[in-house]
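Note sheet for the following structure.
The values are calculated or read from the model by the stated rules, or taken from the named source; none is laboratory data. All values derive from a computational prediction rather than experimental measurement. Positions of Cβ are backbone-derived with ideal geometry, glycine not excepted, and every protein chain shown enters the neighbour counts. Note: areas computed on protein heavy atoms with side chains; ligands, DNA, RNA excluded. Shrake-Rupley method; radii C 1.70, N 1.55, O 1.52, S 1.80 Å.
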Amino acid sequence: MRIDIITLFPGMFTGFLDGSLLGAARTAGLVDIRLTDIRDFAEGPHRQVDDRPFGGGPGMLLMPGPVVSCIEHVQGLSQHAGHVVLLTPGGRRLDQSLVEELATRERIVLVCGRYEGFDARVAAAVGAEEVSIGDYVLSGGEVAAMVVVDAVARLIPGVLGDEASALQDSFSGPDRLVEGPQYTRPREFRGLHVPEVLLSGDHRRIEAWRHEQAVAATRRRATIS
Ligand code: ADE
């Protein structure tokens, strides 16, 4: 899979892209991640990328010209045009089903907003999908793009060491249940004991218990979110 990231701050991604899981996936050639700087597509002596909103209001908007030129340039770098995603708080909220959808694509192009966001014509001009990682406002789309890359990359076959583990994750599988509690050694920690069933070696009972716990955890969560 190829992922292009379009940003005014490519430096924010170093470290993240070299981190353990993603770094190994890139080295193994399972995912090809490229960064492109919007500023390289700005014109004029000041390389301006932002301007005041028509109609007034606070802050600055990303101008459509440099962003669209940058996206079109990036699209031309590979035979397959990518699915363009604009990271913006007003977009479709990211959840595991959207992550799964994105992971089926051969190529995605993530575009990070800054300032007060994108000129509305950007999405229309390039046929982009707008995605939000949650109902809060970040200072830019970069952290949101990292969230998308992280969640998508771990679904690419071969990226996780243990292929079974992605299927067992919270929000995966047909019921979209969150995982129930899990335990490792020691059997007793500060007077708290590992549930007896997990030590029983009876895999049918363990599976049944885990399912019960997942249903209960999913219900509990519904009451707090
Ligand atoms: N940019 C600023 N806030 C954001 C959010 N919540 N999701 C995606 N992109 C953003």
Percent antiparallel among DSSP beta bridges (both partners in the chain, rounded to 5): 20 percent
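If you add up the charges near V152, with Lys and Arg at +1 and Asp and Glu at -1, over every other residue whose beta carbon is less than 14 angstrom from its beta carbon, what do you get?
That sum, taken over residues with Cβ under 14 Å, equals -4.
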Quick one: with all protein chains in place, what share of the accessible area of the chain is carbon or sulfur, to the nearest percent (1.4 Å probe)? 52 percent
When each pair of different Cα atoms in segment 101-178 is counted once in the 1/r mean, what is the Kirkwood radius in angstroms, to one decimal? 14.7 Å
Non-local residues with an amide H under 5 Å from the amide H of M60, with H modelled 1.01 Å from N and Pro and chain starts lacking one, are E116
Considering all projection directions equally, how large on average is the shadow of the alpha-carbon convex hull of segment 23-79, in square nanometres? 6.2 nm²
Roughly what angle does helix 203-224 make with the longest principal axis of the chain, taking Cα atoms, 0 to 90 degrees, to the nearest 10? 50 degrees
Can you give the extra length, in nm with one decimal, that the chain gains between F189 and D32 once fully stretched, where that is 0.36 nm per residue apart less the Cα-Cα distance? 52.2 nm
Given R₀ = 35 Å, FRET efficiency for Q75-A208 by Cβ-Cβ distance, to 0.05? 0.10
With a Cα-only, solvent-free Debye model of segment 1-154, what are the log10 I(q)/I(0) values at q = 0.14 Å⁻¹? -0.66
Grab the other residues whose beta carbon is less than 11 angstrom from that of L22, score K and R as +1, D and E as -1, and report the net. 0
Average accessible area per residue (Å²) across segment 1-154 - probe 1.4 Å, nucleic acids and ligands excluded: 49 Å²
To the nearest 20 debye, what is the magnitude of the charge dipole of segment 6-65 about its Cα centre, counting +1 on the Cβ of each Lys and Arg and -1 on the Cβ of each Asp and Glu? 60 debye
Cα-centred dipole magnitude for the chain, charges only on beta-carbon of K, R (+1) and D, E (-1), debye, nearest 20: 460 debye
Using alpha carbon centroids, what distance separates segment 195-225 and segment 111-125, in Å? 44 Å
